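Only one structure is covered here, and it is reproduced in the block below.
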Amino acid sequence: MAGRFHVIVIGPQGSGKGTQAARLAPLLQLVHVATGDLFRQLMTRDDELAREVRSYYDRGALVPDELTLRVLLARLDALEREQGDQYRGALLDGYPRNLAQAEALDRVLTERGDVIAAVVHLVVPREVLIERLSGRLICLTCGATYHVRFSPPRVAGICDRCGGALMQRSDDTPEAVARRLETYEQQTAPLLDYYRARDLVIDIDGNRPIDVVTHDLLVALESRLAHNPCRSS
Ligand code: ADP
Ligand code: ADP
Ligand code: ZN
């Protein structure tokens, strides 16, 4: 089954990609696909692949492109198999992160007859990012994201959505955060020009309350998705 419409979310660590993608996905009938979440699930296993991923992940380094693409494609294939026509497209959070990944994504989407409907760019100043990341909590069971002050769970330490235990990420240490932000500036931010040349980028001020950002994103994306000759369903 071909012809999905995907939305890419780009922004530095802490800009709210995961938070916003989780809220938007059901509203836009897209599936939230976060490569970081896929790696965190993979690392709960006790095997060679899990150890290999962890050797990059905990340092805040990118996992090699080929392995990352394999993990992403396995997820997209599973969505095709499991959801069939229910699956309209993915909200890609954390992929692509460098030019090689962007080119690989173009290739595989073309092969599938899929398109990129939009690239959302969340803009947030650096000092705000650090504050957000140092209070971030995540649910390993369902991937939901919280913040001790800005977005606390109803019961401390417990996921509102699934009841799972909340924890700090092993790579939200000051050293790994600094390395990830640097990699973002050097390798990921230049992708914005790659997509701007195709008129795909929507810049959104992410330094506002979570609900306000979600609303703006929804308005911007609904019109983009409506302009595509999307299959009715
Ligand atoms: P963050 O955006 O805060 O770095 P993510 O959850 O998106 O967090 O990713 C966590 C880690 O997973 C990254 O530091 C990297 O090791 C790995 N990772 C995620 N996405 C990719 C990707 N597209 N390419 C390579 N590595 C990735
Ligand atoms: P990313 O996926 O881009 O790394 P997250 O969605 O994980 O970012 O958000 C990082 C942290 O900031 C989380 O703790 C989240 O609860 C919090 N956060 C996200 N968006 C906002 C916002 N608009 N205002 C305040 N805090 C936010
Ligand atoms: Zn949960």
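Which residues among the range 59-101 fall inside the zone where the amide N is under 19 Å from a point 7 Å beyond the Cα of Thr44, along Cα→Cβ? Answer for the range 59-101: 71-72, 74-76, 78-79. DSSP assigns beta bridges within the chain; of those with both partners inside it, close to 30 percent run antiparallel.
FRET efficiency for the Ala189 to Met167 pair, using the beta carbon distance and R₀ = 25 Å, is estimated at 0.30.
Other residues whose C-beta falls under 11 angstrom from the C-beta of Ala118 contribute a net charge of 0, scoring Lys and Arg +1 and Asp and Glu -1. Mind running the shape call on the chain? Use the C-alpha gyration tensor, a ≥ b ≥ c as the square roots of the eigenvalues: rounded below 1.5 for a/c, prolate if a/b tops b/c, oblate otherwise. Rounded, because the longest to shortest axis ratio a/c is under 1.5. The fraction of accessible area contributed by carbon and sulfur in the chain is 53 percent, rounded to a whole number (1.4 Å probe; ligands and nucleic acids excluded). The helix-based estimate of mean residue ellipticity at 222 nm for the chain, built from -39,500 (n - 2.57) per DSSP H run of four or more residues and divided by its residue count, is -14000 deg cm²/dmol to the nearest 500. Anisotropy class assigned to the range 80-187 is oblate, per the alpha carbon gyration tensor with a/c at or over the 1.5 cut-off and a/b no larger than b/c. By its C-alpha gyration tensor, with a ≥ b ≥ c as the square roots of the eigenvalues, how is the range 168-213 shaped: rounded for a/c under 1.5, else prolate for a/b larger than b/c, else oblate? Note, shape of the range 168-213 comes out oblate.
Label zone of Val148 (point 7 Å out along Cα→Cβ, amide N under 17 Å): in the range 172-195 this covers 172-175, 177.
Per residue, the range 25-120 exposes an accessible area of 46 Å² to a 1.4 Å probe, with every protein chain left in place.
Taking amide H as placed 1.01 Å from N in the peptide plane, the amide H of Asp203 sits under 5 Å from that of His121, each at least 5 places away or on another chain.
The values are calculated or read from the model by the stated rules, or taken from the named source; none is laboratory data. Everything quoted here is computed from the prediction, not taken from an experiment. Every residue, glycine as well, gets a Cβ built from its backbone with ideal geometry; the counts of neighbours run over all protein chains shown. In case anyone asks, the SASA skips ligands and DNA or RNA and just uses the protein heavy atoms, side chains included. Shrake-Rupley method; radii C 1.70, N 1.55, O 1.52, S 1.80 Å.
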